[in-house]
1. May I ask you to order 53-60, 195-202 by the average number of other C-beta atoms within 10 Å around their residues, highest value first?
2. Measure nothing fancy, just the Cα-based angle from helix 147-167's long axis to the longest principal axis of the chain, in degrees from 0 to 90, nearest 10.
3. Looking only at 221, 108, 186, which one moves most when the chain is put into a Gaussian network model with springs between Cα atoms under 10 Å?
4. What is the packing order of peptides 141-147, 3-9, taking the mean over residues of other C-beta atoms within 10 Å and listing the highest first?
5. Between residue 1 and residue 90, 0.36 nm times their residue separation minus their Cα-Cα distance comes to what?
6. Can you give the relative contact order of segment 28-160 as a percent, counting alpha carbon pairs under 8 Å and 6+ residues apart?
7. Along Cα→Cβ, 7 Å out, is where each label goes; now give me the distance between the ones at residue 44 and residue 192 in nm to one decimal.
8. Suppose only helical runs count, i.e. DSSP H with n ≥ 4. What mean residue ellipticity at 222 nm does that imply for the chain under -39500 (n - 2.57) per run, divided by all residues and rounded to the nearest 500 deg cm²/dmol?
């Protein structure tokens, strides 16, 4: 049985990815930062459907946690077939409102933690393995309302390009999946129950609706599959035609 690690798997897009990969036959390591109850619910759902999963805790904004997570994976499995770098935070505002503390936290989780976790797990990833990074549609547009967040996702896109080139000779593919506005708990406060917000969000997408977490999971599942063996260094735009 192949093994996949999905960071930020306790809710939202990460949860959907973990469930989808488990359904595709992967043993799933469900990473989470703080919500142990939610992570265990994901594991229970997978096991209830006949799959195999375990939860692993780490705050990717803390390098000691990153090291501990990598060590736990080394103890659990000699091979990590798929790494999905999904964990991220969007606590960011316009340049005039950004604080050094928030800026540092966004980059610590979204870029630094992702970078060093990937580096530490590379020895476990076999030839022909898969790395999928969750970026964002805001990396290709002007997004002043969340400037540090957009910058962090742009950094991940650059990371993906460089790593795809380096790992290509081993048949390891490295790709991005870039969601648009998705109906998740992270967006619930401003999106759900507000017809005006829902209409605005839908209007940003050519498909004129808000995306669902399962739709992003489908794109990740493709990038993680054998069918995507000749695709690397690319971004799967899963924004529903956002900002076209």
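Rule-based calculations on the coordinates, nothing more; no lab input. As the structure is a prediction and not an experimental result, all values here were calculated from the model. Every residue, glycine among them, receives a Cβ derived from its backbone with ideal geometry; neighbour counts consider all protein chains shown.
1. My ranking of the peptides, most packed first, is 53-60, 195-202.
2. The angle comes out at about 30 degrees.
3. So, out of 221, 108, 186, the one fluctuating most is 186.
4. 3-9, 141-147
5. This chain segment gains 28.6 nm when fully extended.
6. Across segment 28-160, relative contact order equals 26 percent.
7. The answer from the label model is 1.9 nm.
8. Value at 222 nm, helices only: -13000 deg cm²/dmol.
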